[in-house]
Amino acid sequence: MSIETQSSTQGPRTRGRAGNVALSGARGLALMFISLPGAVICFCFTLVSIALIPIGVGIVTTPWVLAGVRSFADRRRLLAAEWGGVRIPRAYRPLPEDANPWARTFGMLRDPATWRDIRWLPVDMTAGFVTALVAFALPLYPLEGFAIAAGLWRVLPDGYWYGFVKVTDQTSAFYAAGLGAVLLVAALWLAPLLLRAHFRLTGAVLGSGQGELAERVRVLTETRRDAVDTSAAELRRIERDLHDGAQARLVAMGMDLGTVEALLEKDPDKARELLAQARRSSADALTELRELVRGIHPPVLAERGLGDAVRALALRLPVTIEVEVDLPGRAEAPVESAAYFAVSEILTNAVKHSGADRIWIDIHHGEGLLRVSVTDNGKGGASIGAGSGLAGVERRLGTFDGVLAVSSPAGGPTMVTMEIPCVLS
């Protein structure tokens, strides 16, 4: 088992404008390959599945299809936050864990967020694709003008048009290069703006619009109920652990000490044996109390902060883990605790179920958000489903207006990303 750690307290490095336009072009290309095929597939499957509901087939298929659409939308929310600085809240209504296919189908169809997802798909495959395409093509098109001036015009067909310039000789080729220079200067400004426009368009359609306040009240009510239920369950766990563990050992130790008092004069050897047993019981009780305290709030988290607490957590796991931390300060204690236990749950799931032998953890803060991503090279297939550990993590983060996004295709890798609004001190 090994662990590699890196830490930095410096803020994000500023990139030159040329680097920004190149990055915007690359991201535009990636979004092109995501928007058109992904949106078309999700939209077609959704329409077919909903159309099959009257004959019963759609009752079985619709929950799975809509879950796939939500996963696709969640991935775009994640990219919007990371690439465009646009935060799009995830406001799906929870479903009962024991819901049957009928209840799950109509529960999801009654959710306004589901219909926002469906409306967003045709927008993404058209306007979303175009904005991504232009963001990619705009920085490249000027290069053609420069190539024409460098001699490419000689092999082009007669009357070739570059933009509004008709290329016929070297002079017109220079005009094409001039137009390319103008377009390149425009691309330095427009390519990042187009990429941001893509994500703002996504946010405008996927966002809750005029019902945002009502949705916000509903989410707060649910997260408050979840927080109360979680707190009550945690108190019951602590009481059970104390009763079955440390308390039982302390009671046994008290009985041993009472027996020692009676045997001090009659059987000193037996008394010494019981004293040794009482000492072992006290050590075991102390160990259990320390483990219990670590499960409530790890001392290293209180003393050293989230980064060191996650490193210490990683050291106890039987896989290779790389931890990168970029936190110039500390978040509030409840936020650190929520993030720590969320990471702990995700790591436990990865070790138990993914078959991964390497895990990467990245923790950083930017734009008022604490972002934590956990990536493993396992078999994939993880999802935020009813009864899964990730559903519990999502409820825990929801108490702090946090969001959870999961990307886990079959065959891996799995990437779980958490975002919690907070400020660092």
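For region 89-100, enumerate the residues that are among the polar types (S, T, N, Q) and crowded, with 19+ Cβ neighbours inside 10 Å.
Here is the first cut: in region 89-100, the ones among the polar types (S, T, N, Q) are 100.
Passing the criteria: none in range.
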Exercise. Has region 372-384 got at least one residue that is under 20 Å from R93 (Cα atoms) and not small (G, A, S)?
Worked result: yes
For this session: Answer yes or no as to whether E291 is open to solvent by 80 Å² or more (accessible area, probe 1.4 Å), modelled with pLDDT under 75 and farther than 20 Å from E332 by Cβ.
Result: yes
For this session: May I ask you to list the residues in region 39-61 that are surrounded by 15 or more Cβ atoms within 10 Å (Cβ to Cβ) and either under 28 Å from T202 (Cα atoms) or in contact with an Asp or Glu (Cβ under 8 Å, 6 or more places away or on another chain) (or both)?
Result: A39, V40, I41, C42, F43, F45, T46, S49, I50, G58, T61
For this session: Read through the list (1) surrounded by fewer than 17 Cβ atoms within 10 Å (Cβ to Cβ); (2) more than 37 Å from the chain's Cα centre (by Cα); (3) hydrophobic (A, V, I, L, M, F, W, C); (4) at pLDDT below 75, then give the number of the only condition that V182 fails.
Result: (4)
Exercise. Give me the pairs: first residue in region 180-197 and without any contact (Cβ under 8 Å) to a residue 12 or more places away in the chain, second residue assigned to a helix (DSSP H, G or I) and surrounded by fewer than 17 Cβ atoms within 10 Å (Cβ to Cβ), beta-carbon distance under 6 Å, and six or more apart or on different chains, which are they?
Worked result: none
For this session: Could you tell me which residue of region 348-364 is farthest from A309 (Cα to Cα), considering only residues that are touching a strand residue (DSSP E or B) at 6+ places or on another chain (Cβ under 7 Å), of a type outside the set (G, A, S) and open to solvent by less than 70 Å² (accessible area, probe 1.4 Å)?
Result: R358
Problem set entry | Among the residues listed as W161, W153, the single one being more than 30 Å from V69 (Cβ to Cβ), at pLDDT below 85, of a type outside the set (V, I, T) and exposed (fewer than 15 other Cβ atoms within 10 Å of the Cβ) | W161
Exercise. What are the residues in region 371-416 that are in contact with a Gly (Cβ under 8 Å, 6 or more places away or on another chain), open to solvent by less than 40 Å² (accessible area, probe 1.4 Å) and either within 15 Å of E336 (Cα to Cα) or among the polar types (S, T, N, Q) (or both), if any?
Worked result: S408, T414
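Here is a yes/no grid of residues against (1) assigned to a loop (DSSP other than H, G, I, E, B); (2) β-branched (V, I, T); (3) closer than 30 Å to G180 by Cα:
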residue: L66; (1), (2), (3): no, no, no
residue: V69; (1), (2), (3): no, yes, no
residue: L79; (1), (2), (3): no, no, no
residue: L138; (1), (2), (3): no, no, yes
residue: A147; (1), (2), (3): no, no, yes
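Restricting the search to region 73-88, which residues are in contact with an Asp or Glu (Cβ under 8 Å, 6 or more places away or on another chain) and surrounded by fewer than 20 Cβ atoms within 10 Å (Cβ to Cβ)? Talk me through it step by step, then tell me what you get.
Our first condition is that a residue be in contact with an Asp or Glu (Cβ under 8 Å, 6 or more places away or on another chain); within region 73-88, this holds for 73, 76, 81, 85, 87.
Across region 73-88, the qualifying residues are G85, R87.
The values are calculated or read from the model by the stated rules, or taken from the named source; none is laboratory data. Only a predicted model underlies this, so the values are computations on that prediction, with no experimental measurement involved. Glycine also receives a Cβ, built like all others from the backbone with ideal geometry; neighbour counts cover every protein chain displayed. Accessible surface areas use protein heavy atoms only, side chains included; no ligands, DNA or RNA. Shrake-Rupley method; radii C 1.70, N 1.55, O 1.52, S 1.80 Å.
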